[in-house]
Ligand SMILES: [Zn+2]
Ligand SMILES: [Zn+2]
C-alpha cells in the first residue's frame, strides 16, 4: 500500500471517484429522518432515498453518491451493548454509498467497486473476496449475472467468489416491496486475526463469524417487487443501492487492527488520555471506557447538531442516555467533573469541515453536554447506591433479573437510564427486565399525555390502503404518483369520488352517520406536516344531495391521501361528483399563525442568538406553539423585544416571496431547515423582507400573502419543556384581538371600581394595599392594648378562695400568645396566686392557667387544673405544674368553665 490516506481523504476519494462517473453528490440527510415517523433515527444510507425506490418520489438525478450519518441504538439494529467492548461496533457511524435509480446496473457497479478498491485505494487483490446470491430454497434465480461480472475483473481470483443464500445475500426493505440479490465484498485480514481457531468445527472463511474476514461493501441490486411471501415480480426500473462502513474501511486502509485506532477516533482517545493523565499502557488496560466515551461523544455531538438535545423521552432520551452512559464510564477513569464538551470539541474540529452543522452549532453542543453531565452528577450517587442495594437484594433472593418497574423508577426518580442500570447489573452477572422497563415507560408516558410524541405510526389499516392505491393506479383512476396534492391553490371544480372506505372495507356507497374515508383524484385539504395541522371542512355532492363533514386528513400509504369524517346528510356513492370545501376561515387563521411562526423564529435568533433553533412546533387555528433550544428562561425584556420585533415586521406589510429551488442552494444561502422535516431535492422556500431577508425558511406550509394579513401578534406563554428546551405560545389576528380585548375589559373594570385613570391604577392599588397593611398593624396594636387593659381591670379585683389569691378572667380578643403574656404578668405581680385566663379566638374557646412556685410546692398543678376547666368547653389540654394551656369547642360555656377553678381549689385545698 502507498502512503496512508487520512480518513477525510478516504471519504473524499470515494465521493470524487463516483462524481467522475456522473454521480451527483447528495449531502447526508439529518440523523432525524424527515417525514418518517416509523423510524427513530436514520440507520442506513438508503433512508433518504426510500421513496425513490418505492416509486412515490423522483429526483432530478439518476446517479447519486453520499456519506450518510447513521445512528443505531434502538430497534432491530441495536449494537449499544457491543459498543466499547469490541473494535468495530459504534452507535454513530458514517455509511458511504453510491446509487443508481434506474440507471447503471450490475456491470458498472461491480467494475467500479473493483477499480476503486484495487486501483485507487490499492488494496491487494488477493485480500478481496466476493459473495453473490444463490438461493438456498431454489426458488429465486441465482445471480449468475453478478458472478460472471466478478470473474471478468482484472486480477480477481476466481476461487474468491462464493455463493451464499437469502440470509447473507438477498436484501429486502420489508415484508413486501422492492428487493433483490446483493453482492458483498469481504477483506481478508490474515489468518492471525482468526479468534475462533480453537473452536471445534470453525471453518475459517467468508461469513465464518471470526474476525479474519470483514465485510466492507455491499452492493444491492434491486430488481424485484415482492407482492407476497411467494410472489416476486421483476421491476421495470432496476436500481443499485450500495453501502460501505466508513470506519471499517478506514481501519483497513490505515492498516490498524481496530476502528478506534484510525485517525477518526485517535484524536478523541488522545484527548481523553490527556484528561486522565494515563500512560499508553494504562490507557490500553482501560480500553472499554475510552472507546465508549469516544463513541458516545461523537454520537451526541452529531445528535445535538441535528437538534436532538438531552431529554426525557424518544430521541431526546437516547441523547440523554448516551451522555450519561459516557459520564458513568468516565467515573471508571476517575473523571468526576464534566468532560464531554472537551471530547466533543475534538469531534467538531475533526469532522466540522465535512459536516458544517457541527461548527454552526458548536456552542449548543458543548453547552448541552456540560449541562446534562451536571444534572446527572446531582443524582448519580444516590442512584448507584440504590441500584446496588436492589442488586444485593436480588442476589440474596437468588433472582437474576431486576424488574422493569424498579429499573424505570431508578430512571424516573434518580435519573439512571436503563442502559446504565443494565451495564451495572451485567457487570455483576445479573440482568434487567427490558420489556418491563419499556412497559413502565410507556405507561408513564401515556399517563403524562406525551404518548403522541412520535406522531402517527401508521395503523393496522396500511394494507387495505396500499392495495386500494395499487388498484386505483392500475385501472387508471389515479396516475402513477397517486393523489394530486395542491394545498396552495383552491380546487373549486367538482371532482369524482374514487373510493369510500368504512370499517376497513371499500364500499360502493355509505350512509348518514357512517364514519368514512374519502379518496379523490386530487385535493387541496392540507395534510398535517411541518407542525401545521390538517385542514377540516366538508365534501359535498355537486348536486347538493349529500354532505360529509371532514375532520381529519392522512397519508396512509404511498400515493394515497384520505379525507376522514362523518356522513351528515344523504348517501354518497363512488363515482359521484363532489366539491372539496375547505373551512377557509379556519385555514386563514392557520396561515396567519404559520407566517407568524416564521417571524417568531427569526426574532428569537435576533434577540437570543442563533442557538435558539426550532425544536418542534405546532401551527393550529387558535394558537401557535414554538419549541426552541435555549438554556435559561427568556426574560420579560427579551420576550417583549421578540414580540415587538414580530409586530414591526407585520406592520411593514412585506410581501411573502415563495419560490422553488434546489435544496443544496437553499441551504448554502442560509435558509433555515426545520427539525424532523423531510425535504426533497427541490424545495419550497419562504422569504420575508426586502433586499435583506428577515426570515428565510424551507417550508411546505400555507402562508398569508403579506405580513400585514397577520394582524396583531401576542405572546401568551413562555416556559420550559425539557432541559435546555423552551416553549413559546402566541396568538394572532382575531384571537389576539379577543385576548387583548378580554384583558382590557378586566382592566377597565378595575379602573372603574377604583375610580382611577389607566396610569393611576397601579399606584392606587399599591397605596391601598399599603394602607390596609398599616391599618392591620394598628388593629393588632389596639387589640393587645385592649387585652392588657382588661387584664389590669380584672387584676385590681382578685378573689380569694380557700386562702389563695385567684384571678379568673375572660380577655376578649386575646390569642394564645396574648394569654401567655398576661399569665407571665400575673406571676410577676403576685407573690402567690393562681390565674386562669380565657378567650374566644377564631370562634373557639382557649384557656391558660398559671400557678406561682410556692403553690406548686403545696401540690397545685396547672396541667390538672386546666384539664378540669377545659372539659366544660368540650376540650382538653395539659402542661407543666406552673403553666398549662388548653383549647375547646363550645365558646358559650367559657364563663361556666372558669367556675371550675373554685371546685378545683376546694378539692385540693
Ligand atoms: Zn477464522
Ligand atoms: Zn413553515
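The residue pairs whose first member lies in the stretch 881-909 and is farther than 23 Å from residue 802 by Cα, whose second member is loosely packed, with under 13 Cβ neighbours inside 10 Å, and whose beta carbons are closer than 7 Å, counting only pairs six or more residues apart or on different chains, are 886/876; 891/843.
Exactly one residue among 716, 707, 702 is closer than 25 Å to residue 33 by Cα, at pLDDT 85 or above and more than 16 Å from ligand 1 (Cβ to nearest atom), and that residue is 702.
Summed over the stretch 606-623, residues that are buried (at least 16 other Cβ atoms within 10 Å of the Cβ) and under 23 Å from residue 32 (Cα atoms) total 9. Residue 544: within 28 Å of residue 674 (Cα to Cα) and modelled with pLDDT under 95, yes or no? Against the criterion (within 28 Å of residue 674 (Cα to Cα) and modelled with pLDDT under 95), residue 544 does not qualify. Taking (1) in a loop (DSSP other than H, G, I, E, B); (2) closer than 14 Å to residue 219 by Cβ; (3) in contact with a helix residue (DSSP H, G or I) (Cβ under 7 Å, 6 or more places away or on another chain) in turn, residue 123 satisfies each apart from (2). Within the stretch 657-674, which residues are more than 12 Å from ligand 2 (Cβ to nearest atom) and either surrounded by 15 or more Cβ atoms within 10 Å (Cβ to Cβ) or not in a loop (DSSP other than H, G, I, E, B) (or both)? Passing the criteria: 657, 659, 660, 661, 662, 663, 664, 665, 666, 667, 668. Please tell me if residue 216 is within 21 Å of residue 48 (Cβ to Cβ) and more than 16 Å from ligand 2 (Cβ to nearest atom). It is false that residue 216 is within 21 Å of residue 48 (Cβ to Cβ) and more than 16 Å from ligand 2 (Cβ to nearest atom). Each residue in the stretch 598-653 was checked for being on the phi > 0 side of the Ramachandran plot and without any contact (Cβ under 8 Å) to a residue 24 or more places away in the chain, and 1 of them qualify. Evaluation of residue 523 against the conditions (1) farther than 26 Å from residue 568 by Cα; (2) modelled with pLDDT of 95 or more shows that the sole unmet condition is (1).
For the stretch 857-876, the set of residues classified as surrounded by 20 or more Cβ atoms within 10 Å (Cβ to Cβ) and farther than 21 Å from residue 832 by Cα consists of 867, 870, 873, 875, listed by residue number. Look at residue 714 and say whether it is more than 16 Å from ligand 2 (Cβ to nearest atom), farther than 18 Å from residue 610 by Cα, part of a helix (DSSP H, G or I) and in contact (Cβ under 8 Å) with a residue 40 or more places away in the chain. Considered against the rule, which asks whether it is more than 16 Å from ligand 2 (Cβ to nearest atom), farther than 18 Å from residue 610 by Cα, part of a helix (DSSP H, G or I) and in contact (Cβ under 8 Å) with a residue 40 or more places away in the chain, residue 714 comes out as no. Need the failing condition index for residue 192 against (1) in contact with a strand residue (DSSP E or B) (Cβ under 8 Å, 6 or more places away or on another chain); (2) not in a loop (DSSP other than H, G, I, E, B), just the number. For residue 192, the failing item is (1). Scanning the stretch 60-116 for residues that are at pLDDT below 85 and over 27 Å from residue 132 (Cα atoms) gives 60, 73, 74, 75, 80, 81, 82, 83, 84, 85, 86.
When the stretch 597-626 is filtered for residues that are assigned to a strand (DSSP E or B) and either more than 16 Å from ligand 2 (Cβ to nearest atom) or more than 22 Å from residue 585 (Cα to Cα) (or both), the ones remaining, listed by number, are 614, 615, 616, 626. Within the stretch 488-514, restricting attention to residues that are touching a helix residue (DSSP H, G or I) at 6+ places or on another chain (Cβ under 9 Å) and in a loop (DSSP other than H, G, I, E, B), the residue that is nearest to residue 564 (Cα to Cα) is 504.
Output the residues belonging to the stretch 690-699 that are assigned to a loop (DSSP other than H, G, I, E, B) and surrounded by 18 or more Cβ atoms within 10 Å (Cβ to Cβ). Correct list: 693, 694, 699.
Residues in the stretch 679-701 that are touching a helix residue (DSSP H, G or I) at 6+ places or on another chain (Cβ under 8 Å) and more than 13 Å from ligand 2 (Cβ to nearest atom): 680, 681, 682, 689, 694. Do you know which residues across the stretch 579-596 are buried (at least 23 other Cβ atoms within 10 Å of the Cβ) and not in a helix (DSSP H, G or I)? Matches in the stretch 579-596: 580 only. Looking across 762, 782, 754, one residue alone is surrounded by 10 or more Cβ atoms within 10 Å (Cβ to Cβ), in contact with a helix residue (DSSP H, G or I) (Cβ under 6 Å, 6 or more places away or on another chain) and either without any contact (Cβ under 8 Å) to a residue 12 or more places away in the chain or over 30 Å from residue 623 (Cα atoms) (or both). It is 754.
Taking the conditions (1) surrounded by fewer than 17 Cβ atoms within 10 Å (Cβ to Cβ); (2) touching a residue at least 24 places away in the same chain (Cβ under 8 Å) in turn, residue 702 satisfies each one other than (1).
Using beta carbons and a limit of 8 Å, which pairs, at least six apart or on different chains, have the first residue in the stretch 804-830 and on the phi > 0 side of the Ramachandran plot and the second one surrounded by fewer than 17 Cβ atoms within 10 Å (Cβ to Cβ)? Correct list of pairs: 813/783; 813/786. From the list 182, 241, 168, 135, the lone residue that is away from ligand 1 (no atom under 16 Å from the Cβ), surrounded by 12 or more Cβ atoms within 10 Å (Cβ to Cβ) and assigned to a loop (DSSP other than H, G, I, E, B) is 135. Against the definition (at pLDDT below 95 and more than 27 Å from residue 560 (Cβ to Cβ)), how does residue 57 come out, yes or no? No; evaluated as a whole, the condition is false for this residue.
Considering the stretch 199-230 alone, what residues qualify as being within 16 Å of ligand 1 (Cβ to nearest atom) and either in contact with a strand residue (DSSP E or B) (Cβ under 9 Å, 6 or more places away or on another chain) or in a strand (DSSP E or B) (or both)? Within the stretch 199-230, 204, 205, 206, 207, 212, 213, 214, 215 meet the criteria. Report, by residue number, each residue of the stretch 15-34 that is touching a residue at least 12 places away in the same chain (Cβ under 8 Å) and closer than 19 Å to residue 62 by Cβ. Those that are touching a residue at least 12 places away in the same chain (Cβ under 8 Å) and closer than 19 Å to residue 62 by Cβ: 15, 17, 18, 19, 21, 22, 23, 24, 25, 26, 27, 29. Filtering the stretch 876-890 to residues that are modelled with pLDDT under 90 and either over 60 Å from the mean Cα position of the chain (by Cα) or closer than 10 Å to residue 863 by Cβ (or both) leaves 877, 878, 879, 880. With respect to residue 252, determine if the residue is part of a strand (DSSP E or B) and more than 16 Å from ligand 1 (Cβ to nearest atom). It is false that residue 252 is part of a strand (DSSP E or B) and more than 16 Å from ligand 1 (Cβ to nearest atom).
The values are calculated or read from the model by the stated rules, or taken from the named source; none is laboratory data. The structure presented is a predicted model; accordingly, all values stated were derived computationally and were not measured. Positions of Cβ are backbone-derived with ideal geometry, glycine not excepted, and every protein chain shown enters the neighbour counts.
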